[in-house]
Amino acid sequence: MKLLSRHLTVDFFHCKEESVANGAAIERGVREAITTAGFEIEATSARALDDQFVVTVIFPEGHLALHAYGELRYVALDIFLCKESAEPEAIFRHIKKIFEPDKTKTTFIKRGDFGKDIKPKVKTRFAPVRKIKATGASVMKILSNKK
């Protein structure tokens, strides 16, 4: 397998209440985390929705998406970096300091070329009707012999 990129997904639970309430501070913190990790930002989008604040950032090496849910004190973060040697953890550590969560769940996903032989795993089970009839006849024969 040739590793092409790294994808880190993060869930922050029970964040500091004031950290998820201030959209402008969240956007500043995310931008700072990316530049501190050594990346140059190309574009940023930030907006408040009904029950959340969303920040997306595009940079040459990847992108970041963050959703902060104030009432739930929950933050969902995705960091996607398009280099085999990339370290999304550098951005993650800085953002974690912003929200100070009680619990954190991280999932690291390796993205890449798994070769031409990769096939999806699909399991389908079925039995032909004649096999079911034959099995039923065998069961009936066994049951009738036991009497």
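Each reported figure results from applying straightforward, stated rules to the coordinates on display, with no laboratory input. Predicted model, so just to flag it, every value in this text is computed and none were measured. Here the Cβ is made from the backbone with ideal geometry for all residues, glycine too, and neighbour counts use every protein chain on show.
Between residue 109 and residue 56, the simple spin-label model (points 7 angstrom out along Cα→Cβ) gives 1.6 nm.
Pick out, in residue order, every one of the GluC sites (Glu not before Pro) in region 1-31 that is DSSP loop and has at most 15 other C-beta atoms within 10 Å; say none if there are none.
Hits after loop and neighbour filter: nothing returned.
What trypsin sites (Lys or Arg not before Pro) in region 52-101 are in a loop by DSSP, with at most 14 other Cβ atoms within 10 Å of the Cβ? Write down the numbers at each step before the final one.
On the way: sites: 73, 83, 93, 96, 97; in loops: 73, 83.
Within region 52-101, the qualifying trypsin sites (Lys or Arg not before Pro) (loop, at most 14 other Cβ atoms within 10 Å) are 83.
Tell me whether region 51-102 comes out rounded, prolate or oblate; compute the Cα gyration tensor, take square roots of the eigenvalues as a ≥ b ≥ c, and use a/c under 1.5 as the rounded threshold.
Working: a/c = 3.29, a/b = 1.70, b/c = 1.93.
Oblate is the answer for region 51-102, as a/c is 1.5 or above yet b/c matches or exceeds a/b.
Rounded, prolate or oblate: which fits region 1-88 when a ≥ b ≥ c are the square roots of the eigenvalues of the alpha-carbon gyration tensor, with rounded for a/c under 1.5 and prolate only if a/b beats b/c? Note, shape of region 1-88 comes out prolate. Karplus-derived 3J(HN,Hα) values for region 14-24, using 6.51 cos²θ - 1.76 cosθ + 1.60 with θ = phi - 60°, are 6, 6, 4, 4, 5, 6, 9, 8, 10, x, 4 Hz; glycine and proline are entered as x. Note on region 1-119: with charges restricted to the Cβ of Lys and Arg (+1) and Asp and Glu (-1), its dipole about the Cα centre is near 420 debye.
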